[in-house]
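Q: Once you've had a glance at the structure underneath, I'll fire off some questions.
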Amino acid sequence: MAGWPEGPTYTARSAPGAAALNSLKGTAIAAGALVWGALSSQGGGVDGPAGRTGADKSYDHSDEVEDFPVIWAAPDTTARTLPWRLDPDRSPPAHYRTHAVITDRRLVIVGFPYVKGGASLIDDELLWETSRSTIASVELRDFKTAHDVKIVFTDGSWTRLGSVKRERLTR
């Protein structure tokens, strides 16, 4: 998009490559379960495996598997005006954080350079804002490793964002 810095390129895994990776993951999980079982059978205070997040099936196969767009927007639509700092590949969360601020009238995106251990250094800058009347819906999206939200604007454009407290965003 115009004004956005160049981002990384990705290539989808082949079916055999994905199958091999899944087999390797399955083997690692089975080995971990055996070790956990052995430790817990000896009276150790070992907690069970942590629950997985996300879902095993996609809601929209074309947008979640075949392609994985972050923004779907024609020129001059609301989603095209979003700041590039929302893309974690262009603005890694280890160095820059963004927050959504929602009021009765608008949705505001603010951001700040992130310094680990420097919570007192937060100095938000306004990155983007839109009237709440431009938002048609906010949908929860579950993926294997993450929980996202899809914000659909009244002009038909949309964006998918990672969200820590996404249920608050949908209220």
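Every number in this text was worked out from the coordinates using simple rules, so none of it is lab data. Bear in mind that the values here come from a model prediction, so they are computed numbers and not experimental data. All Cβ positions, even for glycine, are placed from backbone atoms using ideal geometry, and neighbour counts span all protein chains on display.
Q: Take region 61-170, compute every pairwise Cα distance, and split them into 10 Å bins from 0; I just need the percent in each bin.
A: 13, 45, 34, 8, 0
Q: Which whole-Hz ³J(HN,Hα) couplings does region 158-166 yield from phi under the Karplus relation 6.51 cos²θ - 1.76 cosθ + 1.60, θ = phi - 60°, glycine and proline marked x?
A: These are the phi-based 3J(HN,Hα) values: 8, 9, 10, 10, x, 9, 6, 10, 5 Hz.
Q: With a 10 Å radius around each residue's Cβ, average the other Cβ atoms per peptide and rank 129-142, 112-125, highest first.
A: Going by the mean number of other Cβ atoms within 10 Å, highest first, we get 129-142, 112-125.
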